[in-house]
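Written out below as structure tokens is the structure these notes cover.
The values are calculated or read from the model by the stated rules, or taken from the named source; none is laboratory data. All figures in this text were calculated on a predicted structure; none of them were measured in a lab. Ideal geometry is used to build each Cβ from the backbone, glycine not excepted, and the neighbour counts take in all protein chains shown. What goes into the accessible areas is simple: the full protein's heavy atoms, side chains included, and nothing from ligands, DNA or RNA. Shrake-Rupley method; radii C 1.70, N 1.55, O 1.52, S 1.80 Å.
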Amino acid sequence: MYWTESKGIGGRIKQRPEDFIVEEIKDGRVWKIGYSPLERISDLFVRGDGEHVHATLVKRDRNTLDVLREIAKKLEIDVKYLGYAGLKDKRALTAQRISIPRKYFRKVRLRDAFLKNLSCEKRKIRIGSLAGNRFTVIIRGIRRREPLFEFMRYEKLPNLFGEQRFGGNEIMGLKLLRREVKRKGSPMERMYIDAYQAWVFNRVLNELGWDAPKYIALPGYKRWDEYTLEELRKDGVKLEDFRRFKARGDWRRSFFKPRWLGYRFLNEDLLLKFELPKGSYATILLRELMKSG
């Protein structure tokens, strides 16, 4: 059920959005949720010569894509013109860089979100163009403290995709690949395929355990390995089925190592601060640490 052998500390996460703070690491710096007076003054002007306005999107208890759709609607443009490096947790307080074409940009009011750190840059922000994320998490109602120190000695943890990646999207992706549902040309289709690829990865990693190779394929028509091919065969999916969705596939690390930044016990709660490389899920780390289920 769990990968690690340390006892769980117990507890609950995300009791409120402020209990789960995510700050994106990009372009050599951590983009923070705070908004200082100096930043407010600087944002009165948008500096630079590039064709894209880059901004830090700070949001509370909202999905990244929902906020981007709100921005696009207010700017009266298609959401495809907006750029972002990755999706951030919904039940959280998060900061991440996004880009908006300069010719369409104007300051807008957003529900439970705002934009700051404005600058003009040459390029649109693309998926995956980040180094990682810094997390500040409060785990409430922990049962014991000692297992934390044993857990922090682990040199690697399984790089599984978190449950928030799925929610049934993986099954829709499987049905699309097997042509069991008709294509509608929706941008959501690629999200379904991505979820299916992640599901296959998780299945392989859970099967191989600690003996897994350094990388496992996210299967596509250009990337695969013997393990993912076997899972595709079980599902009745062929490599060529991915071509219709331009899903080339990729390689993903089997394990990740967290960078611990600090901790503090607050009576029966624990404040934990750490950084993870891009694509790694804090919920996977916390599940192994807490072992609450």
Exactly one condition in (1) closer than 28 Å to Leu82 by Cβ; (2) open to solvent by 60 Å² or more (accessible area, probe 1.4 Å) is false for Arg145; which is it? (1)
Lone qualifier among Arg165, Arg111, Arg143 - being basic (Lys, Arg) and over 23 Å from the mean Cα position of the chain (by Cα): Arg143
Quick check: is even one residue across the stretch 42-59 of a type in the set (Ser, Thr, Tyr) and open to solvent by 30 Å² or more (accessible area, probe 1.4 Å)? yes
Tell me, which strands (runs of 3 or more DSSP E) wholly within the stretch 47-145 include 1 or more residues that are in contact with a Ser or Thr (Cβ under 7 Å, 6 or more places away or on another chain)? 52-60, 93-101, 113-121
Provide a single number: the residues in the stretch 266-277 that are closer than 15 Å to Asp19 by Cβ and not in a loop (DSSP other than H, G, I, E, B). 7
Name the residues in the stretch 155-170 that are open to solvent by 60 Å² or more (accessible area, probe 1.4 Å) and farther than 21 Å from Lys246 by Cβ, would you? Glu155, Lys156, Glu163, Gln164, Gly167
Take Val200 and decide whether it is within 15 Å of Arg252 (Cα to Cα), among the β-branched types (Val, Ile, Thr) and crowded, with 19+ Cβ neighbours inside 10 Å. yes
